[in-house]
């Protein structure tokens with residue numbers, strides 16, 4: 001990102017080319033500040049309007065700008081002459097105003113889009129005028145890596161020796177807004193920014209200005225960009241890191257820790273209030289010990305990763321919701337020893353073939369196994385006695401295409417068959433009647449009494465006429 005304050009003497013402008021659109025001639029200005037460059041196009045009238053302001057407010061000589069010509073002002077020869085004249089004009093003005101770089105001139109050259117100091121001036125103005133309203137808004141505020149990088153770099157600088165501007169452009173408005181912000185979205189990109197050579201996801205930024213953040217969503221930003229998350233450990237309650245090519249949770253949870261080994265982790269490095277984590281659409285292959293840094297975790301989503309097995313996360317005593325959809329799970333053995341008092345599991349779009357591993361999850365209320373490889377309806381026997389299970393999804397499994405699939409599943413829940421919601425739909429009376437018949441046939445074969453006849457308190461009276 002451009003830093004004109006530090007590269008003032010290593011910068012240049014030039015009018016290098018022209019283009020025409022709808023009969024209007026545009027002059028292409030190339031701007032370079034250190035290793036950063038971009039271009040901006042303006043009509044002659046734009047130059048004239050800028051020149052009036054610079055003459056009035058900044059002592060630029062009036063005769064510097066090439067004069068306007070009404071007749072034959074679109075001939076190639078004239079356009080080239082004007083380009084050369086505007087090039088000389090711009091270079092002279094740039095050298096004259098290099099030390100002060102007034103606001104109007106900086107905007108004309110698009111410094112507010114690509115340069116740290118001038119971008120922050122615009123951001124400060126916006127937050128001065130609208131900051132309170134934005135903080136009261138319940139929706140998240142979006143910052144780009146470019147803006148966050150600018151804030152981080154500005155914190156390292158002394159007050160830049162540029163032209164004094166109105167108080168509303170003061171950097172303190174940005175810091176005040178950041179320190180009070182509750183919900184933040186950061187959206188990255190690998191595309192070059194505008195006409196520049198700046199790639200947002202190559203810029204590092206510091207999270208320390210955010211003192212009150214409760215929710216953070218990071219979309220498409222590599223973890224190498226992020227620094228100093230320490231201030232978030234005491235406040236953050238919800239964290240989402242999506243489409244960021246993350247391979248391990250500790251890439252963010254320990255991003256500012258030099259020695260990332262279990263034995264050296266201190267109590268101060270735990271995330272004290274973090275209860276929701278979403279690392280969907282990444283490249284995670286296993287959940288490692290770093291999960292212990294989030295002792296109050298209640299909702300964990302690792303959807304669309306590369307997980308094949310679940311490690312022991314029983315230390316997360318408050319974990320209730322686990323989303324592992326769109327991974328590569330096959331066998332789910334002894335999950336009761338790995339999870340604890342889980343309430344909801346989403347394992348849709350995996351490769352699960354048997355339900356045996358869920359047989360002792362006694363707190364489980366909802367189990368989504370849609371789009372897996374379950375073929376035998378008798379697999380339901382492993383979960384039909386779970387006392388709290390009310391919601392079950394088996395749709396798009398091979399078993400779901402078998403004859404009377406729903407009835408055969410419902411029947412196995414015995415006296416709880418009316419409570420079960422299978423594939424987002426409770427059993428109809430017709431399905432219940434069929435299920436009771438199947439249950440009766442099954443139990444008679446076993447020499448037992450059908451459950452719907454057990455403890456039946458309904459009395460029947462027969463009146464004689």
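I'd like to know if segment 236-251 contains one or more residues that are exposed (fewer than 14 other Cβ atoms within 10 Å of the Cβ) and either under 30 Å from residue 110 (Cα atoms) or modelled with pLDDT of 95 or more (or both).
no
Right, residue 39: modelled with pLDDT of 95 or more and under 28 Å from residue 148 (Cβ atoms) or not?
yes
Report, by residue number, each residue of segment 15-57 that is part of a strand (DSSP E or B) and in contact with a helix residue (DSSP H, G or I) (Cβ under 6 Å, 6 or more places away or on another chain).
Within segment 15-57, 15, 18, 25, 27, 38 qualify.
Evaluate the following for residue 421: is it surrounded by fewer than 17 Cβ atoms within 10 Å (Cβ to Cβ) and modelled with pLDDT of 95 or more?
yes
Given (1) outside any loop (DSSP other than H, G, I, E, B); (2) out of contact with any helix residue (DSSP H, G or I) (no Cβ under 9 Å at 6 or more places or on another chain); (3) closer than 20 Å to residue 302 by Cβ, where does residue 236 come up short, assuming only one miss?
Every listed condition holds for residue 236 apart from (1).
Inside segment 368-379, can you point out the residues that are in contact with a strand residue (DSSP E or B) (Cβ under 8 Å, 6 or more places away or on another chain) and under 13 Å from residue 332 (Cα atoms)?
369
Within the bounds of segment 299-309, is there any residue that is closer than 26 Å to residue 385 by Cβ and at pLDDT below 95?
The answer is yes; a qualifying residue exists.
Considering only segment 319-344, how many residues are in contact with a helix residue (DSSP H, G or I) (Cβ under 9 Å, 6 or more places away or on another chain) and closer than 16 Å to residue 279 by Cα?
2
How many residues, within segment 209-233, are buried (at least 18 other Cβ atoms within 10 Å of the Cβ) and part of a loop (DSSP other than H, G, I, E, B)?
Going through segment 209-233 one residue at a time, the tally reaches 6.
Might you let me know whether segment 144-159 holds any residue that is more than 26 Å from residue 37 (Cβ to Cβ) and assigned to a helix (DSSP H, G or I)?
No, every residue in segment 144-159 fails to be more than 26 Å from residue 37 (Cβ to Cβ) and assigned to a helix (DSSP H, G or I).
Can we say residue 177 is part of a loop (DSSP other than H, G, I, E, B) and either over 25 Å from residue 99 (Cα atoms) or without any contact (Cβ under 8 Å) to a residue 60 or more places away in the chain (or both)?
No: the conditions fail for residue 177.
Take the residues of segment 380-399 that are assigned to a loop (DSSP other than H, G, I, E, B) and in contact with a strand residue (DSSP E or B) (Cβ under 8 Å, 6 or more places away or on another chain): which is surrounded by the fewest Cβ atoms within 10 Å (Cβ to Cβ)?
That would be 390.
Looking only at segment 109-125, which residues are buried (at least 20 other Cβ atoms within 10 Å of the Cβ) and not in a loop (DSSP other than H, G, I, E, B)?
Of everything in segment 109-125, those that are buried (at least 20 other Cβ atoms within 10 Å of the Cβ) and not in a loop (DSSP other than H, G, I, E, B) turn out to be 111, 114, 115, 116, 117, 118, 119, 120, 121, 123, 124.
The values are calculated or read from the model by the stated rules, or taken from the named source; none is laboratory data. What you see is a predicted model, and the numbers here were worked out from it, not measured in a lab. When we count neighbours, we look across all protein chains shown, and the Cβ atoms used for this are built from the backbone with ideal geometry, even at glycine.
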